[in-house]
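One structure is given below, encoded as structure tokens.
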Amino acid sequence: PEVIALLVACLCSQMSFAPYYNFFTLFLERHGHARSAAGVLWAVAVVAEIILFIYMSQLIAKVGARRLLLAAMAATALRWLCTVWLADSISALVVIQLSHALTFGAYHACAMHYLFRLFPARLQGRGQAIYNACAYGIGGSLGSIGAGTIWDHVRPEATFLVAALIALIGTWIVWKKVPNI
């Protein structure tokens, strides 16, 4: 049950990231930002993530993987809401992009921590494959199809609002079902 809970939470995380991966640059352009600003914002997110990865093992040891995963999922929901609410402010978008360290970097490191502990050594490869299929394959695909449909038939802002809701569902799953290991 704890493996299924983790995989569903990870599916929710990556499903919620689909509007970001697929439409963030277009979203920024709709809000009057230059494509070059979008490139800088993507770079800010990547650099923040890399810096966090340097310290992640110490953070997990100090704070705990479950707490960090819970914080990452909750922060992801807040990130998508702030992306909608503060889309016109480039300085706010820089801060939101810095949160990528927590919303993706900490999430991914904690997911790896759990996989290492939930799958015995001889099943590590299989665990990674299942994780990737669930989170990025199914979650990413469903999120992308859903985001595209919402983008076309509702409005672009709604894609990020639905993403926030999905991240909240993932937060609830981590809170209620993912063990502290």
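The values are calculated or read from the model by the stated rules, or taken from the named source; none is laboratory data. It should be emphasised that the depicted structure is a prediction, and the values quoted were computed from it without experimental measurement. Glycine gets a Cβ as well: all are built from the backbone with ideal geometry, and neighbour counts include every protein chain shown. Areas reflect the complete protein model, heavy atoms only, side chains present, ligands, DNA and RNA absent. Shrake-Rupley method; radii C 1.70, N 1.55, O 1.52, S 1.80 Å.
Check Glu49, Glu29 and return the single one that is farther than 18 Å from Ala101 by Cα, of a type in the set (Asp, Glu) and assigned to a helix (DSSP H, G or I).
Residue meeting the stated conditions: Glu29.
Output yes when any residue across the range 62-69 is open to solvent by 10 Å² or more (accessible area, probe 1.4 Å) and under 11 Å from the mean Cα position of the chain (by Cα), and no when none is.
No.
So that you can scan it fast, the table gives a plain yes or no per residue for (1) in contact (Cβ under 8 Å) with a residue 60 or more places away in the chain; (2) part of a loop (DSSP other than H, G, I, E, B):
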| residue | (1), (2) |
| --- | --- |
| Thr83 | yes, no |
| Ala87 | yes, yes |
| Ala92 | no, no |
| Gln97 | no, no |
| Ala101 | no, no |
| Phe104 | yes, no |
| Tyr107 | yes, no |
| Ala111 | yes, no |
| Tyr114 | yes, no |
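Could you please let me know if Tyr55 is part of a helix (DSSP H, G or I), open to solvent by 30 Å² or more (accessible area, probe 1.4 Å) and under 20 Å from Ala147 (Cα atoms)? Outline the logic, then answer.
Numbers: part of a helix (DSSP H, G or I): yes; open to solvent by 30 Å² or more (accessible area, probe 1.4 Å): yes; under 20 Å from Ala147 (Cα atoms): no.
Spelling it out, it is not the case that Tyr55 is part of a helix (DSSP H, G or I), open to solvent by 30 Å² or more (accessible area, probe 1.4 Å) and under 20 Å from Ala147 (Cα atoms).
Check Thr149 against each of (1) surrounded by 15 or more Cβ atoms within 10 Å (Cβ to Cβ); (2) among the hydroxyl-bearing types (Ser, Thr, Tyr); (3) farther than 15 Å from Val8 by Cβ and name the one condition it does not meet.
(1)
Select from the range 51-97 the residues that are over 22 Å from Ile173 (Cβ atoms), of a type in the set (Gly, Ala, Ser) and in contact with a Phe, Trp or Tyr (Cβ under 8 Å, 6 or more places away or on another chain) and list them in ascending order.
Correct list: Ala87 only.
Ala34: touching a His at 6+ places or on another chain (Cβ under 6 Å), over 21 Å from Gly170 (Cβ atoms), modelled with pLDDT of 95 or more and open to solvent by less than 70 Å² (accessible area, probe 1.4 Å), yes or no?
no
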